[in-house]
1. At 0.36 nm per residue, and after removing the present C-alpha to C-alpha distance, how many nm does the segment from Arg99 to Val243 gain when stretched out fully?
2. Could you check the simple spin-label distance between Val195 and Ala209, using points 7 Å along Cα→Cβ, in nm with one decimal?
3. What is the order of Cys184, Cys7, fewest Cβ neighbours within 10 Å to most?
4. At a 10 Å Cβ-Cβ cut-off, how would you order Thr192, Thr27, Thr96, fewest neighbours first?
5. With each label point set 7 Å from Cα along the Cα-Cβ vector, what nm distance links Ile235 and Ala33?
6. Return Arg91, Arg200 ranked ascending by Cβ neighbour count within 10 Å, so the fewest neighbours appear first.
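Every read-out reported here was derived from the displayed coordinates using simple, explicitly stated rules and does not represent laboratory data. This one's a predicted model, so the numbers in the text were calculated from it and none came from an experiment. Virtual Cβ from ideal backbone geometry, glycine too; neighbours counted across all protein chains shown.
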Amino acid sequence: MYLALLCLAAFLAGAINSVAGGGTLLTFPALLAIGVPPIAANATSTVALVPGSFAGFWGFRDELRDSRRELIWFAVPSLIGGVIGALFVDRVGDRTFARLVPWLIFSATALFAVQPLVKAWLARAVPHDPRSRAPFAMAFQLAVAIYGGFFGAGMGILMLAALGFLGLTNIHRMNGVKNFAAVCINGVAAITFIVLGRVRWPLALTMAAASVMGGVLGARIAKRIGEANVRRVVIGIGVAIGVAMLVRR
């Protein structure tokens, strides 16, 4: 029964990540629910979602033909920050991390909810030339990547804001670049967690297969249903899970 729960969570997470981000809000609590310790749950969730992020990135490959510049700008800070975040979460320990989790979930959900407002404010506050914005966007992406390696829920929303900051307006192109950066962040974080011995492999491999299917499906349906409908669902799920975990503690 618990494997079915994990597969469902991973499938939905893969689909959500390919559209808007926030899939960790499903996989991480699902692993906690079956008794996996917090840091091991975080590590296992990260490893499980890497293939789904790649599937989501591949699903938007046609929209990325002219995005080489943005891919490079996002790859470098994503790789560096992902390692830093993963090493940091390993150092804080399960007890401290468990105390932080409900607030991390609330923060990620809030960021998800206000992302359109943040993107609009950044567009007004900074010059419109993408090259002049690149250093700011890369610095912001480094901070996002550190957070992503540490926990990850909601980092997709932050990356969409950064891409809007660069002047991108096509949501499908933005999702493609965002998914590529997520592969970089989760990939190096996953390698770090593997080296540290934090991953529950039977669970991670089972969830990875489900997340790939979800990532492929999510990339297909994103162009049909739009981001707004997915956004409403993820916000509701995030608030519910955050409240439930706070009450549980």
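1. Additional length available on full extension: 50.5 nm.
2. 3.0
3. Fewest-to-most Cβ neighbours within 10 Å comes out as Cys7, Cys184.
4. Least crowded to most crowded, the residues run Thr96, Thr192, Thr27.
5. Rounded to a tenth, the inter-label distance reads 2.3 nm.
6. Arg91, Arg200
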